[in-house]
Amino acid sequence: MHHTGRGRRESAATAYWQFMREFVRHPRQIGAVCPSSPVLARRMASLVPPGRGLVVELGPGGGAVTTALLRHGVAPRDLLLVERSEALARQLSKRFPAVNLIHGDAAHLASFEALRQRRVRAIVSSLPLRSLPAPQVREILEQISSIAVPGTLFIQFSYALHGSYEGMAQGFSREQAHLVWRNLPPARVEAFRFRHQPAHAIAA
């Protein structure tokens, strides 16, 4: 059954207020006062390459990027959401019932069965890596590298308009960077391509 325009607006409004409640409860985990704008969401989605394989969205929050990914042409069966917040995960499952969803932590990606069954085409992250503790960020980036295969694209946005995540995720090299001014606050989107498994991981 298709949502009417009014139904879509109500779903988006519900998602927005749920996002704001979670920000008040867990500001460091959410990392943004406002959800991603449609312009930022579309830019991130536009970088996802066509083809086969899973698209993994980390920290989907209120679902702005999820909506953009589906409109970009990612099939619901090829989209996997990983959301740590129980309240946001419940809201996402209602709003996107055809999309696969894991209520879990991005620091444990390699333990999720769904990610061991199919090739990962792209990882789209809205996680607030700049505001999380450094050990947690290292864990998450190690897990991202562990589920990637040659050609996997890692897409991450940041509110820091300078600097880069270059070199932080092992095996990835930066291909693109874009500034998105029509977002509150303005944001920068980077895309990294996985080239090879790090030597220490191969030795293990």
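The numbers here are math on the coordinates, done by the rules we state, and not lab data. Everything quoted here is computed from the prediction, not taken from an experiment. Positions of Cβ are backbone-derived with ideal geometry, glycine not excepted, and every protein chain shown enters the neighbour counts.
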note = Expressed in nanometres to one decimal, the distance between label points 7 Å along Cα→Cβ at Leu161 and Ala134 is 2.7 nm
ask   = Which residues in the stretch 63-86 place their backbone N less than 17 Å from a point set 7 Å from the Cα of Ser93 along the Cα-to-Cβ direction?
value = 63, 80-86
task = Convert each backbone phi in the stretch 140-147 into a coupling constant with the Karplus relation 6.51 cos²θ - 1.76 cosθ + 1.60 (shift: θ = phi - 60°), then list the ³J(HN,Hα) values in order as whole Hz, x for Gly and Pro.
result = 4, 5, 5, 5, 4, 5, 6, 9
Net +/- balance of residues flanking His72 in space, Cβ distance below 11 Å, scoring K and R +1, D and E -1 = +3
